[in-house]
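See structure below.
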Amino acid sequence: MVAMNRLLFACTGVLVLLAAATTSFAQAPDKYPDRPITITVGFAPGGTSDVAARILSERLTHSLKTTVLVDNRPGAAGSIAATATARAAPDGYKIMLSDPGAFAINPIMMPQNARYDPLTDFTPIALVGQSPLVVVVPTSRPFTTAKMLNDHLRTHANTANYASSGNAGISQFGAEVYLKRAGDLSALHVPYRGGAPMMEALMKGEVDFGVAVLASAMPTIEAGSVRPLALAAPSATPAVAKVPLLEQLGMPGAAMTSWVIMIGPRGLPPEIVTRLNSAINEAIADPTVRERLLKAGIETYKPATPAETGEYLRKEVENYKAYQSELGDRLTK
């Protein structure tokens, strides 16, 4: 009898604990957020996603009434940060400002680093913005138009070169798409360890050209250290309004942007997704936030639902698969 009472007591205790845990979990979204939120960025400070994350974090700290931090976790072209986000608890306190490298390029070019599915291992939250790619050359080079650069590439096919921010990164994709659209041209690929070293190499005249993310290139363009020749964008960008579009130069299908999208781990509760989506959409609709992002070379998207965000990501993944198929062994040089 004593043993039976002890057993009943133990079972009752377990049930009470389970009920408490279930109630706590169910109520958690209603109290969200009640502690600091961390936005993970897959690159060192200064890049597109980092700049956007820091501007957003200030606004979200105010609107969500909790501290919003930025955690830079560079490595494996953004895949280290993406892997950490995929493994995070789905409670809304660890989210990521994603980019094409970690979510569209690495899974197809470096699957050994991207051990996750960009479409099924994450929860889309909101579209934030995009920064187009721009063709730039050192000011020490005589090229003042894309035609002059292309003529040089044709006549110096064995020695011409271009800089990128790393193997299989968006700047290599952008350069190879440019070369393909410009008449199946070729140039030696010189990869650097990130966007900043790439821009430094261009400033020093170590290479003939590069296709950089506008947000990363803006400081050097404004300083007159590099010269922009063409913009790989679907429409004109106020930050470099006088720079012609590649399509205007007879190179259709060359538009490419470095987008930033807020995502979270798979299984994020709908109430938390809605809360974050609303706060982010309010932020990018704020004229002050939009102006700060635009000055940094990042154009904000129109507010989008989580479902629209997921569809945008799906289309971008398909776009990069198509680029890979078209470019073939160009990307392995």
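Bear in mind that the values in this text are calculations on the coordinates, not laboratory data. As the structure is a computational prediction, the values presented were derived from the model and not from experiment. Cβ placement follows ideal geometry from the backbone for every residue including glycine, while neighbour counts extend to all protein chains displayed.
Can you pull the one-decimal nm distance between simple spin-label points at Glu308 and Leu69, each 7 Å off the Cα toward Cβ?
3.3
Of Lys147/Lys302; Lys204/Lys321; Lys180/Lys321; Lys242/Lys315; Lys31/Lys302, which sit over 25 Å apart, Cα to Cα?
Going by Cα-Cα distance, Lys147/Lys302; Lys204/Lys321; Lys242/Lys315; Lys31/Lys302 fall outside the 25 Å limit.
Which value, in debye to the nearest 20, gives the size of the charge dipole of the stretch 132-256 about its Cα centre, when Lys and Arg are +1 and Asp and Glu are -1 at the Cβ?
That gives the stretch 132-256 a dipole magnitude of about 100 debye.
Subtract the Cα-Cα distance of Asp286 and Ser186 from 0.36 nm times their separation in residues, and report this length gain in nm to one decimal.
Extending this stretch completely gives an extra 31.7 nm.
Rounded to the nearest 500, what is the chain's calculated 222 nm mean residue ellipticity when only DSSP H runs of at least 4 contribute -39500 (n - 2.57) each, over all residues?
Helices in the chain give a 222 nm mean residue ellipticity of -14000 deg cm²/dmol.
Is the stretch 132-256 best put as rounded, prolate or oblate by its Cα gyration tensor, with a ≥ b ≥ c the root eigenvalues, rounded for a/c under 1.5, and otherwise prolate when a/b is larger than b/c, oblate when not?
Here the stretch 132-256 falls in the rounded category.
Can you bin the stretch 248-312 into rounded, prolate or oblate? Criterion: square roots of the alpha carbon gyration tensor eigenvalues sorted a ≥ b ≥ c, rounded for a/c under 1.5, prolate for a/b above b/c, oblate for the rest.
Oblate.
With an 8 Å Cα cut-off and a minimum separation of 6 or more residues, compute the relative contact order for the stretch 132-256 in percent.
Rounded, it is 36 percent for the stretch 132-256.
In nm, what is the difference between 0.36 nm times the number of residues separating His62 and Ala84 and their Cα-Cα distance?
5.3 nm
When ranked by the protection proxy of mean other Cβ atoms within 10 Å per residue, highest first, what sequence do the peptides 46-53, 325-332, 175-182, 244-251 form?
Ranking, from highest mean packing down: 46-53, 175-182, 244-251, 325-332.
Would you mind working out the magnitude of the charge dipole of the chain relative to its Cα centre, with +1 at each Lys and Arg C-beta and -1 at each Asp and Glu C-beta, to the nearest 20 Debye?
Taking the Cα centre of the chain as origin, the dipole is about 320 debye.
What percent does the relative contact order of the stretch 256-332 come to when contacts are Cα pairs within less than 8 Å and at least six residues apart?
Relative contact order for the stretch 256-332 comes out at 23 percent.
Anyone know which of Val135, Val260, Val240 comes out most mobile in the 10 Å Cα GNM of the chain?
Val240
When Lys and Arg each count +1 and Asp and Glu each count -1, what net charge do the other residues less than 15 Å away from Thr288, Cβ to Cβ, add up to?
Local net charge: +1.
With an 8 Å Cα cut-off and a minimum separation of 6 or more residues, compute the relative contact order for the chain in percent.
With pairs under 8 Å counted, the relative contact order is 24 percent.
Among the DSSP beta bridges whose two residues both lie in the stretch 132-256, what percent are antiparallel, rounded to the nearest 5?
Expressed as a percentage, antiparallel bridges in the stretch 132-256 total about 60.
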